Amino acid sequence: MNSTRDVSRGQGQPAMNPLAAFHLRAAAVYAVIGMVAGITMSATHHFEYGPAHAHLNLLGFVAAALYGLLLKDRADLAATRLARLHAGLAHAGMVVMIAGLVILFSGNPGLGEPLAKIGSAAVVLGAVLFVALVFRATARRAA
Ligand code: HEM
């Protein structure tokens with residue numbers, strides 16, 4: 001019989017595919033960072049960072065969790081180059097975009113704006129690839 005420790009470690013469960021696990025783990029980390037940023041922003045009255053906080057929580061935590069949940073049951077899709085490219089663009093773009101927003105709102109638009117633009121362009125490209133992933137996942141015949 002499995003002990004509580006075995007269950008908490010997922011013993012006896014099929015392993016989650018690595019890309020879905022990456023999205024879900026990243027989402028959980030973004031959630032903590034985003035929430036701590038929200039509390040810090042509130043405590044220090046630096047509400048100018050609101051958009052950075054909001055995008056970290058929504059593009060980071062919420063969107064990445066949805067990516068992970070979609071791919072969790074589709075190891076075949078998660079193993080495609082499309083899915084890996086999507087993950088790269090979505091996560092790298094989000095991190096660069098948030099860094100850009102933080103730098104921008106801290107008073108350095110010269111550096112912050114281009115970073116926010118590059119990051120958001122990567123995020124949008126990733127979103128386009130996500131459309132293709134969703135259409136494949138929801139196709140009547142398996143992709
Ligand atoms: C411990 C958790 C959180 C704390 C302490 C927190 C705190 C805050 C604060 C202080 C603001 C600024 C409000 C203002 O400007 O008057 C804010 C804005 C916002 N938060 Fe959070 N937040 C938390 C979690 C989240 C999560 C999980 C999400 C989304 C999934 C989220 C999305 C937003 C959005 C969309 C805004 C509006 C930003 C704007 O108007 O520019 N927050 N939050």
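Read the figures in this text as sums done on the coordinates, not as results from a lab. Note that the coordinates shown come from a computational prediction; the quantities given were computed from them, not determined experimentally. Positions of Cβ are generated from backbone atoms using ideal geometry, with glycine treated the same way; all protein chains shown enter the neighbour counts.
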For this session: May I ask you to list pairs of residues, at least six apart or on different chains, whose Cβ atoms are under 9 Å apart, with the first in the stretch 108-123 being closer than 16 Å to residue 94 by Cβ and the second being of a type in the set (S, T, N, Q)?
Result: 112/106
Exercise. Restricting attention to the stretch 22-38, and to residues there that are within 8 Å of the ligand (Cβ to nearest atom) and in contact (Cβ under 8 Å) with a residue 24 or more places away in the chain, which single residue is surrounded by the fewest Cβ atoms within 10 Å (Cβ to Cβ)?
Worked result: 31
